[in-house]
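The values are calculated or read from the model by the stated rules, or taken from the named source; none is laboratory data. Just so it is clear, the structure is predicted and the values come from calculations on it, not from any experiment. Cβ coordinates were reconstructed from backbone atoms using ideal geometry, including for glycine residues, and neighbour counts include every protein chain displayed. SASA here: full protein model, heavy atoms, side chains in, ligands and nucleic acids out. Shrake-Rupley method; radii C 1.70, N 1.55, O 1.52, S 1.80 Å.
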Amino acid sequence: MLGRKKLLIGGEWRDAASGAVMPVINPATEEVIAEVAAGDAADLDAAVAAARAALTGPWGKMSARERGRLIWKLGERLMEQADEISRLETLHNGKPITESRHVEIPMAADCLQYYAGWADKVQGDTIPVKGNALVYTQRDPLGVVAAIVPWNFPLLIAMWKVAPALATGNTVILKPASQTPLTALALGQLAIDCGFPPGVLNVMTGSGSTLGQAIVSHPGIDKIAFTGDTSTGRGIMRSAADTLKHITLELGGKSPNIVFADADLDAAVRGATVGIFYGKGEVCAAGSRLLVDKSIKDQFISKVAERTKKMVAGDPLDPKTRLGAISSKGQLERVLNYVNIAKTEGASLVAGGSRTDIGTGKGYFMQPTVFADVTPAMTIAREEIFGPVLAAIDFVDVDEAIARANDSIYGLAAGVWTRDIKKAHYVASRLQAGTVWVNTYNVYDTAVPFGGYKQSGFGRDMSRYALDYYTQVKSVWVDLG
Ligand code: NDP
């Protein structure tokens, strides 16, 4: 048991004013591993007051370069503590430790250091105008930014919001998902240790329906940066209208991974499985629709099924494990329900399909699952499952591949596998998706923007593009007449 965790407000750790707590469960063992404060509107008022005070206080007065140094230091501290923080990430999420330790925590630190470099490089322009005046623009922070983040990449997605918000001079209220609050709280302590002024980074745990809703409605918050379910995003957009907040939404996906007959098929088989099974498929950009050229369909899907059957769930803390535990009981039930729907609707199960266990009789483990003979109208071809379930659909030519790929309310990511360079660029140009991977899948870099088309949301995480979503432009006119 990791004990009882408090809220970080104004540089101090506090219990929720109500005294309420929520359990944190390890999905690999079903045990309660910690309790966190269940913050609500009263605690939020205190956090907003602290965040606003920091804006006009030491943080607002700090030079951009000094801000950058502090953010860089936070990235360094995160890497110094990477073993412990990766362990926490795995304990509350169920993801393999190799993903936490060797991919996601280093990427979170990289994100901090990438934006640390931007802190003193966000500039305005001087603008020639009619008449005798000096006109220039400057980029001001928005004010208090609330980052509301999900449970699938708890710290990494938080950093996609926190790092650019801090680099551009905002203050932050970070609300992690209730299932996975531990690494956000650990980051709060690192920020204190690095010497961030009080109120610059506040970490508030509490449920989405109470604390999350209070954040969205609070008049003292200027922006919501959200990643999560599309339906939650819709609700946030509606509620944020009353106080006219800036919002960026990174939402669900049903991403197509398109395999043409001329592809390097062994590489494409690996890409198809990594595309859906990394992170147990709890990945917004998961390549959950495998679109396969009809001429190679049977051969290709049987290779994917063969590879899938070799993937065995294991103890997430074991460095050899590549498939961990589904994040919660509710999520496991939801995914298994989609498996039943797929069977009822006539899809052919070619691998997995059931709950499994790792010899302990505990934990929310599931077999990696592949369905063939899926048609575009079936539920598993249309809805985000958010689990290790691949739906294989065929196509007859390039135009049909593109049409089927774009036949979704979502547009987060897509993959294209072909040796034909002309076809690769043509298809990439026609896909309605914020990211297109050619002959690869699931690769990221902090310098590259990530975000959605259509109902996968708007705004961009990472890269210099994200800076625009955390700043506002001021035009200054100086009369020289
Ligand atoms: P949510 O979208 O509900 O959760 C994401 C974050 O939003 C969490 O911090 C949550 O808090 C918070 N939240 C929930 N309701 C509100 C609200 N009304 N106002 C403000 N914040 C709120 O996702 P779920 O965890 O409920 O998962 C549901 C489904 O969403 C999953 O099964 C999956 O399919 C999909 N999903 C998609 C993600 C993506 O990246 N595309 C990420 C996560 C989920 P709390 O945890 O306290 O509820």
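Could you go through segment 141-149 and let me know if any residue there is open to solvent by 10 Å² or more (accessible area, probe 1.4 Å), touching an Asp or Glu at 6+ places or on another chain (Cβ under 6 Å) and under 30 Å from Thr243 (Cβ atoms).
Looking for residues that are open to solvent by 10 Å² or more (accessible area, probe 1.4 Å), touching an Asp or Glu at 6+ places or on another chain (Cβ under 6 Å) and under 30 Å from Thr243 (Cβ atoms), one finds at least one in segment 141-149, hence yes.
Touching a strand residue (DSSP E or B) at 6+ places or on another chain (Cβ under 9 Å) and charged (D, E, K, R): does that describe Arg65?
Judged against the criteria, Arg65 is not a match.
Can you find a residue in segment 353-364 that is outside any loop (DSSP other than H, G, I, E, B), away from the ligand (no atom under 16 Å from the Cβ), open to solvent by 10 Å² or more (accessible area, probe 1.4 Å) and of a type outside the set (Phe, Trp, Tyr)?
yes
What are the residues in segment 365-378 that are open to solvent by less than 60 Å² (accessible area, probe 1.4 Å) and of a type outside the set (A, V, I, L, M, F, W, C), if any?
Residues satisfying the conditions are Pro368, Thr369, Pro376.
Residue-wise test of (1) under 23 Å from Asp140 (Cα atoms); (2) of a type in the set (A, V, I, L, M); (3) surrounded by 18 or more Cβ atoms within 10 Å (Cβ to Cβ).
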| position | (1), (2), (3) |
| --- | --- |
| Tyr441 | no, no, yes |
| Ala447 | yes, yes, no |
| Gly452 | no, no, yes |
| Gly457 | no, no, yes |
| Arg464 | yes, no, no |
| Thr471 | yes, no, yes |
| Lys474 | yes, no, no |
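Could you please find all residues in segment 85-115 being aliphatic (A, V, I, L, M) and open to solvent by less than 10 Å² (accessible area, probe 1.4 Å)?
Ile85, Ile105, Ala108, Ala109, Leu112
Go through Ala108, Ala147 for me and flag whichever is within 20 Å of Leu190 (Cα to Cα) and part of a helix (DSSP H, G or I).
Ala108
I need the full set of residues from segment 261-295 which are in contact with a helix residue (DSSP H, G or I) (Cβ under 7 Å, 6 or more places away or on another chain) and of a type in the set (A, V, I, L, M, F, W, C), in order please.
Ala261, Leu265, Val269, Ala272, Ala286, Leu290, Leu291, Val292
Looking only at segment 22-51, filter to residues that are of a type in the set (A, V, I, L, M, F, W, C) and in a loop (DSSP other than H, G, I, E, B); which one of those is farthest from His92 (Cα to Cα)?
The residue in question is Ala38.
For segment 120-140, check the following and say yes or no: at least one residue is surrounded by fewer than 24 Cβ atoms within 10 Å (Cβ to Cβ) and part of a helix (DSSP H, G or I).
Checking segment 120-140: not a single residue is surrounded by fewer than 24 Cβ atoms within 10 Å (Cβ to Cβ) and part of a helix (DSSP H, G or I).
State all residues of segment 226-260 that are surrounded by fewer than 17 Cβ atoms within 10 Å (Cβ to Cβ), more than 10 Å from the ligand (Cβ to nearest atom) and part of a loop (DSSP other than H, G, I, E, B); if no residue qualifies, say none.
Once the filter is applied, which keeps residues that are surrounded by fewer than 17 Cβ atoms within 10 Å (Cβ to Cβ), more than 10 Å from the ligand (Cβ to nearest atom) and part of a loop (DSSP other than H, G, I, E, B), segment 226-260 yields only Leu244.
Kindly evaluate Gly253 against the criterion of being in contact with a Cys (Cβ under 8 Å, 6 or more places away or on another chain) and modelled with pLDDT of 95 or more.
The answer is yes for Gly253.
Does segment 328-344 include one or more residues that are in a loop (DSSP other than H, G, I, E, B), modelled with pLDDT of 95 or more and exposed (fewer than 14 other Cβ atoms within 10 Å of the Cβ)?
Looking for residues that are in a loop (DSSP other than H, G, I, E, B), modelled with pLDDT of 95 or more and exposed (fewer than 14 other Cβ atoms within 10 Å of the Cβ), one finds none in segment 328-344, hence no.
Is it the case that segment 165-173 has a residue that's assigned to a loop (DSSP other than H, G, I, E, B), within 22 Å of the chain's Cα centre (by Cα) and more than 9 Å from the ligand (Cβ to nearest atom)?
yes
Would you be able to say whether some residue in segment 421-434 is open to solvent by 60 Å² or more (accessible area, probe 1.4 Å), assigned to a strand (DSSP E or B), within 22 Å of Arg270 (Cα to Cα) and free of Cβ contacts under 8 Å to residues at least 24 places away in the same chain?
no
Within 13 Å of the ligand (Cβ to nearest atom), closer than 30 Å to Glu333 by Cβ, touching a residue at least 60 places away in the same chain (Cβ under 8 Å) and buried (at least 20 other Cβ atoms within 10 Å of the Cβ): does that describe Ile385?
Yes: the conditions hold for Ile385.
Can we say Ala313 is within 16 Å of the ligand (Cβ to nearest atom), touching a Gly at 6+ places or on another chain (Cβ under 8 Å), not β-branched (Val, Ile, Thr) and not in a helix (DSSP H, G or I)?
no
Return a yes/no flag: does segment 391-404 have any residue that is surrounded by 21 or more Cβ atoms within 10 Å (Cβ to Cβ) and assigned to a loop (DSSP other than H, G, I, E, B).
For segment 391-404, residues surrounded by 21 or more Cβ atoms within 10 Å (Cβ to Cβ) and assigned to a loop (DSSP other than H, G, I, E, B): absent.
When residues of segment 165-182 are filtered for being over 24 Å from Tyr469 (Cα atoms) and either at pLDDT below 95 or of a type in the set (S, T, N, Q) (or both), how many remain?
3
Can you find even one residue in segment 183-204 that is closer than 18 Å to Ala42 by Cα, surrounded by fewer than 24 Cβ atoms within 10 Å (Cβ to Cβ) and at pLDDT 95 or above?
Checked against the condition, which is being closer than 18 Å to Ala42 by Cα, surrounded by fewer than 24 Cβ atoms within 10 Å (Cβ to Cβ) and at pLDDT 95 or above, segment 183-204 yields no hits at all.
Within segment 365-390, which residues are part of a loop (DSSP other than H, G, I, E, B) and within 25 Å of the chain's Cα centre (by Cα)?
Those that are part of a loop (DSSP other than H, G, I, E, B) and within 25 Å of the chain's Cα centre (by Cα): Gln367, Pro368, Glu383, Glu384, Ile385, Phe386, Gly387, Pro388.
Specify the residue that is farthest from Trp437 (Cα to Cα); the eligible residues are those in segment 261-308 that are part of a loop (DSSP other than H, G, I, E, B), of a type in the set (A, V, I, L, M) and more than 14 Å from the ligand (Cβ to nearest atom).
Looking at the filtered set, the residue picked out is Ala261.
Take the residues of segment 212-225 that are near the ligand (Cβ under 7 Å from one of its atoms) and open to solvent by less than 10 Å² (accessible area, probe 1.4 Å): which is nearest to the chain's Cα centre (by Cα)?
Result: Gly212.
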